[in-house]
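Notes to accompany the following structure.
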Ligand code: B3K
Ligand code: ZN
């Protein structure tokens, strides 16, 4: 397969200011007639080259005259003598057999589209690239009984009935957009409706479209939509720009959701929620994804990407915006902890592995493989660092200038950075390395104290290891929030400082330091880096009790936990620090996160070679010790946070979380009272958070209540696909030794399906994240995942490719496991007819 390079970018030879699409819809066969008004872009003499994939071409006309042309491979080339023309193509497509879920496909009786990044070419012939912006007129015609609702981007301008039982709707989107933002839906759907009055007083009709039974489960998503619309007006000065905003939820969807202009299409897991079926984490994720897609209306749609190498222009910025939004809705500290946990779990391993790429990559084989934690989550960290360096006013001036300057354009990350610089006067020359460099910088920090001179010196030095294709690294600019605490008084010594480290090493001086200081470093996780310091276990325990930055306080306890997992020594200081945190009187949601041990994956990332079994044994032993030494405290926490009535407030969510963390520690020793308590909670819970938490702790247990709970859960939710996903996941993530066999059996369960991406991720994706059981020494986990990759690749390459990366981590493991993982990667690469999606990840993983 061909490698696409950023350095080969050229502007399009033809522009397409107008598009008229006419869909004659049917699940088995849909006819698409497209009329493109094309104009030569400058003086280039090239023909018009249109992309098309899997289309059956019926006819082509140029200015009304039939042409005798045929596609070659995946392009259709049309000669145009003058500087403009109207090109009309007619094609047939087959939604019902479209298992890739790209282009127009069928899901649960409805027809819907997914175009980003390159799905529009599976609907019609088109220059399917983000720098071609067009105004769309779309007519949808379909059977009125099967598809009573017909939706497309923008505003509905006309509808009508046909004598044969079919009907039609005509939609117009006044905002020029790239083809990846096109959307259409036909289905038997019911709306939850609402309205929103914008800052300038326009009323917007809002609707969330789902199956009739699901309408009551849309209220939370609707509330989140309205909150995010207001939030974007207040915080970024961005108002919605159409009279309608539609959201459709579908059961078969390759990722979370899609920001199509005025017609967002969502994976139903990010829309549907009620107390009985969704956990607190689900509710939070729904609000975050609804906000994210809404925020794309400005960061992505009004200003879009010039080419797909610029993907982080819209994704990093929009993730940053949704993180800020979520931080404003509840505990900002806990939200930051979640964001960093996700970055460390998903992005740091990527940055340290074979697929490491900068947030602005230089090349790709398949763009779908680059919707990564690096582009999204590290991309958001890069925006956050600029916000830190510019300060709130400078950053807002920067985004204002960006919206002003580039509205209606398809631009680059460089355009964004220049707006930031021009508006604030801050020089970001060195900072730009963050866009071009892969890898996670390491920072070494040591503190020295001169008691006589009453000064302290913080010695900092940074390194960035080579990554594939980038053997030599430049010095990065690291914005570091630091503070010192007095080791005797426990008080902060002076103000927090923002240090901008621009050299390989530097010493920062502090005056008036009268007691031995302990350094609080990278507070708020101000830079997405790995910090190594000479702080002792006592220093970390001290910070976990005294640091006044909540993230740093959490981090101190996590680092103490990490140190405990990595050495076999005494763990009583950790137990004491956790006990003290439980008694700190801090917010329950914060305590719940702080007292959790780092995951096995997190601890493994810090080892030269991951010791799969040793780490599991050690972590379980530490957990049992925390569970038994603090037994009385855990019971007290468990009972003190027992609500008698379910509420969805931040306080109630925090109490549920802490109570369920306590239940986890109580279950660490599998004692009878804890098992009985968990089972009772499972049976009597009035909400999914508590029911699922109980099922989760039971899933690791050998008690008979475990199987009883799993059976009851399945029976209760047999008709709810989203809840059944949880039933699959909880078994795939069990630490029990029989999990590999259990997962193999679940692969043949009647409710398992290779074609539904949620179900696939719930079972196979969850299993691949179960460090101790996926990495079973006999290689059975690797074989199971590789078999799944090959089975799914024939149906849905994007979904298959996502499952390959766990195998690509072989360098991190012992020689025996590495050989087994490589053997599976080799088997995948040798398979005939492999998609380029899977080929790219598997072949790069072998290097
Ligand atoms: N922009 C979409 C992602 C599309 C993924 C294509 N492979 C969702 C989002 O980031 O909002
Ligand atoms: Zn996005």
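Rule-based calculations on the coordinates, nothing more; no lab input. Everything quoted here is computed from the prediction, not taken from an experiment. Neighbour counts are summed over all protein chains in view; Cβ atoms, including those assigned to glycine, are modelled from backbone coordinates with ideal geometry.
Odds and ends about this structure:
- Between helix 612-629 and the chain: long-axis angle, C-alpha atoms, 0 to 90°, nearest 10: 60 degrees
- Cα gyration tensor shape for region 757-802, rounded if a/c is under 1.5, else prolate or oblate: oblate
- Whole-angstrom gap from region 436-499 to region 627-657, using each part's C-alpha centre: 37 Å
- Under the Debye formula (equal points on every Cα, no solvent term), log10 I(q)/I(0) of the chain at q = 0.06 Å⁻¹: -0.41
- Helix-only [θ]222 nm of the chain, DSSP H runs n ≥ 4, -39500 (n - 2.57) each, per residue, nearest 500: -11500 deg cm²/dmol
- Compactness index (Cα Rg / 2.2 N^0.38 Å), region 25-117: 1.22
- Three-way shape call for region 666-818 based on the alpha-carbon gyration tensor, with the a/c threshold at 1.5: oblate
- Taking the C-alpha atoms only, the angle from helix 572-582 to the longest principal axis of the chain is near 60 degrees.
- Gap separating the Cα centres of region 282-324 and region 89-120, nearest whole Å: 23 Å
- Prolate/oblate/rounded call for region 1-182, Cα gyration tensor, a/c under 1.5 rounded: prolate
- Degrees, to the nearest 10: 379-406 long Cα axis against longest axis of the chain: 30 degrees
- For region 720-847, relative contact order (Cα pairs under 8 Å, six or more residues apart, normalised by length) works out to 20 percent.
- Net length gained if the chain between residue 230 and residue 75 were fully extended (0.36 nm per residue, minus Cα distance): 51.4 nm
- Take 624-636, 296-308, 678-690, 38-50 and order them by the average number of nearby Cβ atoms within 10 Å per residue, most first; the result is 296-308, 678-690, 624-636, 38-50.
- Cβ-derived FRET efficiency at R0 45 Å, residue 457 paired with residue 636, nearest 0.05: 0.55
- Computed over the chain, relative contact order equals 8 percent, with contacts defined as Cα pairs under 8 Å that lie 6+ residues apart.
- Region 558-590 and region 362-386 have Cα centres lying 33 Å from one another.
- Under the simplified labelling scheme, the residue 436-residue 58 pair shows an inter-label distance of 5.1 nm, with each label point 7 Å from Cα along Cα→Cβ.
- Between the beta carbons of residue 362 and residue 422, assuming R0 = 30 Å, the FRET efficiency works out to 0.70 to the nearest 0.05.
- The chain - share of DSSP beta bridges that are antiparallel (%, nearest 5): 80 percent
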